[in-house]
Amino acid sequence: MGRNDDDTNKPNKPNKPNKPNKRLPTREDQDMAKPKVGYSRRSLLKAGGAAIAASAFPAPMLWAQDTKNIVLRQFGTGVSNLNDVANKVKEDLGFTLEMTALDSDSVTQRAATQPDSFDIADIEYWICKKVWPTGNLQAMDVSKIKNYDKIVGIFKSGKLTEDSVIAQGTAPHTVGFVPEQGAKTFADEQTNWMTLIPTIYNADTLGIRPDLIGRPIDTWAELLNPEFKGKASILDISSIGIMDMAMVCEAMGEIQYGDKGNMTREEIDKTFAIFTEAKQAGQFRAFWKTFDESVNLMASGEVVIQSMWSPAITAVKSRGIDCVYQPLKEGYRSWGGGIGLSNSLSGMELDAAYEYINWYLSGWVGGYLMRQGYYSAVPETSKEFMSENEWGYWFEGKEATDVITSPTGDKLAEAGAVRDGGSFEERMGSVACWNAVMDENQYMVRKWNEFIAS
Amino acid sequence: MAAHFLKNRHMLGWVQATPLTLVLLAFLIAPIVMIVIVSFWGATEFSIYPAFQFDNYEFLFSSPVTYRVFGNTLKYALITWALTLVIGFTVAYYLAFHIRSQTMQIALFLLCTIPFWTSNIIRMISWIPFLGRNGIANQTLISWGVIDEPLEWLLYSDFSVILAFVHLYTLFMVVPIFNTMMRIDRSLLEAARDNGANGLQTLMHVIIPLTKPGIMIGTIFVVTLVMGDFITVRFMSGSQRANVGRLISNDIGLLQYPSAAATAVVLLGTVLIVIAILLRFVNIRKEL
């Protein structure tokens, strides 16, 4: 899934509007904090560090005051910009996290054009590929990341297990590292400098209404099956939609792509030709751009098969309507998000940001997100924050032994239910491609506009 | 000296005109100039850079999509205009000439505006469940036995787009027409009758010519609103149709500001030409 929610209907509202001009702490605060140069600030921030600080640092109370004054401004797509996370940060770490949720186009725009308006960018890996060359983000020192070793292989070597095949598209590890701080090109292997710290990711597929279709669906090609004429939909976000189209065309056997994540002009033309023909024949009921639109299309029965995002399926189900996130034999289209640091972050705020990242990977957020159906970058720490039943259902693909509820308390599944697609390894192990930005992106976008207008 | 300066009749005029001039310069002229300048700039994936190149226009005019989309936009504008004119004129005529008491006229006129107390978007989106495949319209028609299968073209089609436009913008036609009709001297209608004109003749030769300025103002409202819209088209067509506004909004979403600016300049030109043509027919200032 791409994590685009139009501002009209994001599932998670930001708790506060961003305040670009309000940067705390002030110059004075930073000066006051200066005496502790020479200590690891990270350790000072921690409760354990407080004891050392108390003996070596004359005024630990002042430090606590400083931490309280720190405000980190995070913006990103709606999925992980949760008020609960901001509240928990305040509780655990003491500083304030201001969240702004935007759709992914606006996120890209902001990261590329307004570097001073944020401290932490919560973006997707394909957005990173687009935005990194602007130099608005700074690389992160891996040695400061405590749980780095436990991060899933997908984000490091690109491999989930030793023998997995790396999927096409902008796989996170290809844009996950840079050779050195300040570099504008990506490194081919793991280095000490990471561009984004992975936060959440998932494998996307088609959503279907089994009650209205009445037969098994097992391939992407079904999206263009004339049987569903006027009852299919695809998302109108070019960078994600094109990948779904490619999955369909390949499944139909119409096109063999060299690399779906980086198509040639010829491949783009062929793909659009197939979909334009289908569109003109009335295959599609509508295209959707926001989360709510996809939910409404599915719930109202206007559409019975469409590209969809995991929480949208949950939303349809919670209305008591049968809806399945159908695993397909060609595999999933996957996406991953991570947090990056603004280039303008320095000093105490930078330390706070590292602290935040380490906290992020330490499990609470992971558990929260996994209980919504996403995956955490460090599953083993998240496990401690989930019940055995939840871990079994969401991660291991086991039958639920009890009712499964969302973090906010909505019932998502009955006891005995099994997650669509099975376990983590089954789902993330059959990723066919990642959301991507291609070299021919501008050409593709123009073709997309033509497709919509045709 | 200063007193003398202000006594100068011409100077005083200039001074009085200054505030409005400044406001217009800052909020109308400057942004448009900016858009025109940016339309010649270049863009990469994530940034725009100053340049003077015709690439954006070249692409715009060489793409068949542009012509199709402008054609679509004009089509929406034309059909919406025709429908809102007929409905708007009829409503205004009824209000102005058939309702005798002024209190009643005001009451009914306010009634027309009640839907406008809610948001534009809400009024538009509420059509979606109504027109849907399992919506009220289809269910009612089926239960009446008019149709056997739900009508697919009710929603996510040109029909639904134009329906929403007409619903949203008819009032913009009613108000100016009603306004001009109320200014028509009733003795002219009596004179027409006295001279033996029947109802239709009075309408054609007296009322319509005298209502022209109102019609023209309503037309300008409706045409510019429809041509500049993008959200109605997106929602009511389920993203399946495009007009110029959507082309621009797509470009903006993809950080292609220069290309969006170029399209905006061409759209502005088109709308100005349309209005210039309209003004050839009626001199609004003279007739007001």
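The values are calculated or read from the model by the stated rules, or taken from the named source; none is laboratory data. All values reported here derive from a predicted model rather than from experimental measurement. Cβ placement follows ideal geometry from the backbone for every residue including glycine, while neighbour counts extend to all protein chains displayed. Keep in mind that these areas ignore ligands, DNA and RNA; they rest on the heavy atoms of the full protein, side chains included. Shrake-Rupley method; radii C 1.70, N 1.55, O 1.52, S 1.80 Å.
Values as computed for the structure displayed
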quantity	calculated
Cα-based shape type of segment B:13-125, given that a ≥ b ≥ c are square roots of the gyration tensor eigenvalues and the cut on a/c is 1.5	oblate
Computed accessible area, A:K231, all protein chains, 1.4 angstrom probe, square angstrom	80
For segment B:24-58 versus segment A:191-209, the gap between their alpha-carbon centres in whole angstrom	36
Computed over segment B:68-287, Cα set: Rg, Dmax in Å	20.4, 66
Helix runs (DSSP H) in chain B reaching 15 Å along axis by Cα, Kyte-Doolittle at least -0.5	B:9-24, B:64-93, B:102-113, B:158-183, B:208-228, B:257-281
Inter-label distance, nm, simple model (7 Å from Cα along the C-beta direction), B:Q53/B:L268	2.2
FRET efficiency, 1/(1 + (r/R0)^6) with R0 25 Å, evaluated for B:R100 and B:M204 via beta carbons	0.60
Antiparallel content of DSSP bridges confined to the protein assembly as shown, in %, to 5	60
Per DSSP, loop GluC sites (Glu not before Pro) in segment A:174-222 with at most 14 further Cβ within 10 Å	A:E180, A:E189
Residue-by-residue Karplus 3J(HN,Hα) for segment A:194-206, coefficients 6.51, -1.76, 1.60, Hz, glycine and proline x	9, 7, 10, 8, x, 10, 9, 7, 6, 10, 9, 8, 8
Under 15 Å from the Cα of A:K260 - aspartates and glutamates, other chains or at least 8 residues apart	A:D244, A:E250, A:D269, A:E330, A:D439, A:E440
Calculated FRET efficiency for the pair A:S344/B:R285, C-beta based, R₀ 41 Å, to 0.05	0.15
Listed residues A:W193, A:W220 arranged by accessible area, highest first, probe 1.4 Å	A:W193, A:W220
Candidate aspartates and glutamates for bridging to A:K411, where Cα separation is under 15 Å - those fewer than 8 sequence places away on the same chain excluded	A:D322, A:E390, A:D402
Most mobile listed residue (B:Q240, B:Q16, B:Q102) in chain B, GNM with C-alpha springs under 10 Å	B:Q16
The protein assembly as shown: C-alpha gyration tensor shape, a/c 1.5 cut-off, then a/b vs b/c	prolate
Peptide B:120-133, shielding by other chains (average Cβ, 10 Å cutoff)	2
Chain B: most fluctuating residue of B:V33, B:V233, B:V161 per GNM, C-alpha cutoff 10 Å	B:V33
Accessible area buried, both sides summed, chains A and B with 1.4 Å probe, Å²	2800
Relative contact order (%) - chain B, alpha-carbon pairs under 8 angstrom, separation at least six	27
Label-point gap, in nm, between B:I114 and A:T408 - each point 7 angstrom along Cα→Cβ	3.4
A:D103 - accessible surface, heavy atoms, 1.4 Å probe, Å² rounded to 10	30
Pairs from A:K159/A:K398; A:K68/A:K144; A:K130/A:K383 whose Cα-Cα separation, in the structure shown, is over 26 Å	A:K130/A:K383
Rounded accessible area of A:M245 (nearest 10 Å², 1.4 Å probe)	0
Between segment A:320-367 and segment B:133-201, the alpha-carbon center distance in angstrom	52
Loop-located chymotrypsin sites (Phe, Trp or Tyr not before Pro) in segment B:130-202 whose Cβ has at most 11 other Cβ within 10 Å (DSSP)	B:W144
Cα centroid separation, segment B:60-80 to segment A:238-317 (Å)	25
Spin-label model distance (nm) - B:A191 vs B:W14, 7 Å beyond Cα toward Cβ	4.6
Dimensionless Rg/Rh of segment A:89-164 - Kirkwood Rh, Rg from C-alpha atoms	1.02
Contour minus Cα-Cα distance for B:R68 and B:I184 (0.36 nm per residue)	37.5 nm
Which of B:I128, B:I122 is most accessible, then next, and so on - probe 1.4 Å	B:I122, B:I128
Peptide B:253-262 - average C-beta neighbours from other chains (10 Å radius)	4
Peptide A:146-158 - average C-beta neighbours from other chains (10 Å radius)	0
